[in-house]
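The values are calculated or read from the model by the stated rules, or taken from the named source; none is laboratory data. It should be emphasised that the depicted structure is a prediction, and the values quoted were computed from it without experimental measurement. Glycine also receives a Cβ, built like all others from the backbone with ideal geometry; neighbour counts cover every protein chain displayed. Surface accessibility is based on the protein's heavy atoms, side chains included, excluding ligands, DNA and RNA. Shrake-Rupley method; radii C 1.70, N 1.55, O 1.52, S 1.80 Å.
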Amino acid sequence: MCYIYLEVVVMIMDPATLRQLAASIIYRAVLDLIYKDESSPYWHSAKTFFDSAWFEDLAEYLGYDTAAVKKAVEKICANPQHYKALLRSLN
């Protein structure tokens, strides 16, 4: 039932808005990997997201190179403090 509802929302949603939503979902997962601790359920959800078919579908829709994104995610997971400091330095 939920899947059918999602299909209806996608069909009536403006393509630009849909692209923004898809990019926001991926962006939020990256932020959870950077700012959440590995003991956090949010961190585990984000990590699992990048191994899912849902990520593959969103990335394909957006034209992302999934292999490059997954490689970047592994780098972030290996050293989240570096990326946290990098993001803070941008302010």
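Some observations on this one:
- Count - residues of segment 30-43 that are surrounded by fewer than 17 Cβ atoms within 10 Å (Cβ to Cβ), in contact with a helix residue (DSSP H, G or I) (Cβ under 9 Å, 6 or more places away or on another chain) and assigned to a helix (DSSP H, G or I): 3
- Note on segment 49-91: residues that are open to solvent by 90 Å² or more (accessible area, probe 1.4 Å) and of a type outside the set (A, V, I, L, M) amount to 14.
- Criterion: modelled with pLDDT under 90 and in contact with a helix residue (DSSP H, G or I) (Cβ under 8 Å, 6 or more places away or on another chain) - qualifying residue of Leu21, Leu58: Leu58
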